[in-house]
1. In region 123-138, which residue that is small (Gly, Ala, Ser) and in contact with a helix residue (DSSP H, G or I) (Cβ under 7 Å, 6 or more places away or on another chain) is surrounded by the fewest Cβ atoms within 10 Å (Cβ to Cβ)?
2. Which residues, counting only those in region 216-242, are surrounded by 13 or more Cβ atoms within 10 Å (Cβ to Cβ) and of a type in the set (S, T, N, Q)?
3. Mind listing whichever residues of region 177-218 are of a type in the set (Gly, Ala, Ser), within 13 Å of ligand 2 (Cβ to nearest atom) and closer than 24 Å to residue 285 by Cα?
4. Grab the helices (runs of 4 or more DSSP H) fully contained in region 272-384, keeping just those with 2 or more residues being within 24 Å of residue 403 (Cα to Cα).
5. Which of the strands (runs of 3 or more DSSP E) found entirely inside region 1-119 contain at least 1 residues meeting this: at pLDDT below 95 and more than 16 Å from ligand 2 (Cβ to nearest atom)?
6. Residues 246, 204: which one is out of contact with any helix residue (DSSP H, G or I) (no Cβ under 6 Å at 6 or more places or on another chain) and more than 16 Å from ligand 1 (Cβ to nearest atom)?
7. Scan region 145-169 for residues that are more than 15 Å from residue 203 (Cα to Cα) and crowded, with 21+ Cβ neighbours inside 10 Å and jot them down.
Amino acid sequence: MAIYRGARTVPGGVSVTLGAMTDRLIAHLDMDAFYASVELLRYPELRGRPVVIGGGSRHQPEEATDPATGAIVRRFTRLSGYAGRGVITTATYEARAFGAHSAMALMKAARLCPDAVLLPTDFDAYRRYSRRFKDAVKAIAPQIEDNGIDEIYIDLTHIGLAPGAVAADETSAAAGERAHRVARAIKDAVRDTTGLSCSIGITPNKLLSKIASELDKPDGLTVLTAADIPSRVWPLSARKINGIGPKTATRLEALGIRTIGELAHSDPAWLVEQFGASRGAWMHQASHGRDDRQVVTCSEPVTMSRETTFERDLSVEDDRDALSEIFTELCEELAEDLQRKGYLGRTIGLKLRYCNFKTVTRDRTIAQPTQDAKAIRRAASECLKRVPLERRIRLLGVRISGLCRQEDAAAAAAHRVGEADPESTPSLFDREL
Ligand code: DCP
Ligand code: MG
């Protein structure tokens, strides 16, 4: 994508400014007032009213049939009567206008906005809608990274290109138009399948897109590039950078830095002095809108484990049989987990917690990845030889890391010449020792 500068407004009040910074097109999509919007689907009569979501099921609306018309009439809980320690999960934009927001105590919100309607949460429904909107996006752009119940990153670099066209050869104007067209298609698909609106930010990276998706909320579509950073990103609070939390923001403020722009203009060496080498350097890069992170399309597990805390503390001396049996079971369960999920692992770890709550771990890496209970037990038994066993044991656990997918392991095995693991290693829990 070549350089294109300038801004223009496209129909629907959507601002598009382009000027390529890298050759990637990354989107961040975030649903608007997510929990509240799902609730409004079933209570459409609340549309346009201040509504907050939180509190227990006792705030479920009451339904009655109007004897005259036969229509269902619902009676909703008003926030004004609320007493308790609940907090708001989210609020409609109408309630936000009164100052109500996520994480605010409901009693405080009741003072700000007594006429708001209070609805209880229904996480099953939110999860269902979460799956639906993600599937709708995936049908258009399969490279998505889950970033929570109502947000995803989407790699649009190669989506919506004309047949035979290559992203790298595209002009920036064409790339911008494509970004806009694909984003519009995604927003339509999300609305068609869920009835919900979302906001999308498109920029060359995840960091900027996460900032951009918030800029024109709700129902926003914002495309930004390097040229827009000074005008659209630098005036924002440093907290808008994903990774700068309240603590860092307070520290920054004490140092006289409130905005992303002020951060960008501070001396990187001074930032390193204040926040350490990696964090200081990262803050400098982030404030200039630089971020190389990839969209991670599926989250691979890093480790799998099974552990159990005994009903009473067990001793190797007196409870050898029980320990040996539990040890075998844990290895078998772990092997089943691996087989069910389609993984093999190479590093087997053992965890022991003694009756005094001291915990020890040991691990051993084997030559070939495995999902076999016996191989796992053999390696874990090797680990067992390296831990003290005088004290009574409260917890026993086995875990496996260095995971790879079954199909990748099969391909690798085809290229390997026979390195065998030893046939058997009895464990210290076993009788024969
Ligand atoms: N949530 C929560 N507690 C919080 C923040 C959020 O339970 N402190 C839940 C409720 C939100 C959902 O997560 O609906 C998504 O969080 P967002 O921050 O994306 O907020 P919304 O989607 O509600 O609003 P916005 O339009 O600002 O994205
Ligand atoms: Mg949201």
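1. Initially, region 123-138 is screened for residues small (Gly, Ala, Ser), giving 125, 130, 136.
Subset that is in contact with a helix residue (DSSP H, G or I) (Cβ under 7 Å, 6 or more places away or on another chain): 125, 136.
Working: 125: 14, 136: 17.
Going through the qualifying residues, I end up with 125.
2. Result: 222, 225, 237, 242.
3. Passing the criteria: 201, 213.
4. 320-341, 373-384
5. 7-10, 14-17, 62-65, 72-75
6. The match here is 204.
7. Applying the first criterion (more than 15 Å from residue 203 (Cα to Cα)) to region 145-169 yields 145-151, 160-166, 168-169.
The answer is 150, and nothing else.
To keep it simple, each residue is scored yes or no on (1) of a type in the set (Ser, Thr, Tyr); (2) on the phi < 0 side of the Ramachandran plot; (3) surrounded by 15 or more Cβ atoms within 10 Å (Cβ to Cβ); (4) in contact (Cβ under 8 Å) with a residue 24 or more places away in the chain.
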residue: 214; (1), (2), (3), (4): no, yes, yes, yes
residue: 244; (1), (2), (3), (4): no, yes, yes, yes
residue: 252; (1), (2), (3), (4): no, yes, yes, no
residue: 276; (1), (2), (3), (4): no, no, no, no
residue: 306; (1), (2), (3), (4): no, yes, yes, yes
residue: 313; (1), (2), (3), (4): no, yes, yes, yes
residue: 319; (1), (2), (3), (4): no, yes, yes, no
residue: 323; (1), (2), (3), (4): no, yes, yes, yes
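The values are calculated or read from the model by the stated rules, or taken from the named source; none is laboratory data. Just so we're clear, the structure is a prediction, and the values are computed from it rather than from any experiment. Methodologically, a virtual Cβ is constructed for each residue, glycine included, from the backbone with ideal geometry; neighbour enumeration extends over all protein chains shown.
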